[in-house]
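Worksheet: the structure to be examined is printed underneath.
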Amino acid sequence: MKTEYIVLNTEAPDEEVIRRAGRIIREGGLVAFPTETVYGLGGDALNPESSRKIYAAKGRPSDNPLIVHVCRWKDVAPIVRSVPGEAEELARAFWPGPLTMILKKNDSVPPETTGGLDTVAIRFPDNRIAQALIDASGGYIAAPSANRSGRPSPTLARYCLEDLDGRVEMILDGGQVGIGIESTIVDLTEKRPVILRPGYITREMLEAVLGEVEVDSALIDPDSGVAPKAPGMKYRHYAPRGELVIFEGERDIVVEGINRAAASQMAAGKKTGVICTDETKLLYEADSVKSTGSRGDDESAARELFRILREFDDEGVERIYSESFDEGPLGQAIMNRLMKAAGHKVISPGN
Ligand code: AMP
Ligand code: MG
């Protein structure tokens, strides 16, 4: 299959291109497109064949459900059994935006889209290209992140091309995404709302709307042996090709620890990379040193993280050392991705 790559203006996407992309999806094909979180790999959510194609293109296990993207609040009701009041309150507060809600599905959503579950994940993305494409496609696009399974989620369209060239009909390039990590997922099918995946919308933000919100216990202690409720969270994810280790602790001790580890790897002929912040960038000695922005700017860290992991891949970096990013409102979401990318390898040199 030949993949068509088209650059669009996010504020005013070319209508003819959107119409053509919408037709591809309505006819059962696949289009990668930007959202405000990461790029998505879209197909018709109500067509089981399209969902099968998404799994094949991504190389993703088919028990890992897809998120259904809508472009209007009123399009939620037709695909679910009932709309809880909490869903409406959350939509009013956060949609369009980086929040995915899990609701009980009805028969219009095929089991192929939900990995066989009787629930469905729904999100209304805050991106004009995404919204126009969803509308032109019939209102329901199933889309996981537009990377090959296991690789870092794409925050730029060229990474979609790198992973999916020849596997999708079209890639829409809307520039670098704004947020950079995937949506918060909240399950509304239990007695209390539960966060299944941390993201830009924090627990505090959800609690300001709903009152008490729980966090899936598998997220709090990944070593607990408890299976995560979002099936996708159990897979190795976001992994760069090089081996990644996170260093945590007091700043100077972390810098010293990373420099020592990098020096020994370089002496052994390995190419090394460091993920750090503007404040520490000049203190490191490694082959490639990349800053996520100023320490404390967690929005910048979220936006840059996956791009940096991909750049290290492009540069052939074999050993990656990262500072920790656990402070700030997005700390939990960033560390969730970074820990998965590192396969939970963490060193606390001070302890
Ligand atoms: P991605 O498409 O890469 O953003 O991943 C989608 C995430 O949503 C995966 O971690 C899925 O496990 C999760 N998800 C999708 N649908 C459901 C559902 N019905 N119940 C629980 N988690 C879901
Ligand atoms: Mg993904």
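Numbers at a glance
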item: Cα coordinate range in the stretch 297-351, projected on the principal axes (Å, largest first); result: 31, 29, 16
item: Cα-projected label distance for ARG158 with ASP297, points at 7 Å along beta-carbon direction, nm; result: 2.1 nm
item: Cα gyration tensor shape for the stretch 171-304, rounded if a/c is under 1.5, else prolate or oblate; result: prolate
item: Gyration tensor (alpha-carbon) shape descriptor, the stretch 19-78, a/c threshold 1.5; result: rounded
item: Violating pairs (Cα-Cα greater than 26 angstrom) within the set LYS105/LYS340; LYS58/LYS229; LYS2/LYS104; LYS53/LYS104; LYS229/LYS271; LYS2/LYS53; result: LYS105/LYS340; LYS2/LYS104; LYS229/LYS271
item: Where N is the number of residues in the stretch 259-339, Cα Rg divided by 2.2 N^0.38 Å; result: 1.07
item: Span from the the stretch 134-189 Cα centroid across to the the stretch 20-37 one, whole angstrom; result: 10 Å
item: Inter-centroid distance (Cα atoms) of the stretch 39-59 relative to the stretch 229-293, Å; result: 34 Å
item: Difference of contour (0.36 nm per residue) and Cα-Cα distance, ARG81 to LYS270; result: 62.5 nm
item: Contour minus Cα-Cα distance for LEU283 and SER108 (0.36 nm per residue); result: 57.4 nm
item: Compactness of the stretch 78-147, expressed as Rg and Dmax over alpha-carbon positions, Å; result: 12.4, 34
item: Stretch gain in nm, segment GLU27-GLU250, where the contour uses 0.36 nm per residue and the Cα spacing is subtracted; result: 74.8 nm
item: Overall dimensions of the stretch 163-230 as given by Cα atoms, namely Rg and Dmax in Å; result: 16.2, 47
item: Inverse mean reciprocal Cα-Cα distance (Kirkwood Rh) of the chain, Å; result: 20.6 Å
item: Antiparallel DSSP beta bridges within the chain, percent to nearest 5; result: 35 percent
item: Near-label residues of the stretch 176-198 by backbone N, under 17 Å of a point 7 Å along Cα→Cβ of GLU11; result: 176-178
item: Rounded, prolate or oblate (a/c below 1.5 giving rounded, otherwise prolate when a/b exceeds b/c) for the stretch 1-123 by Cα gyration tensor; result: oblate
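No value in this document is a laboratory result; all are computed from the given coordinates. Keep in mind that this is a model prediction, so the values were computed, not measured. Note: ideal-geometry Cβ built from the backbone for every residue, glycine included; neighbour counts use all protein chains shown.
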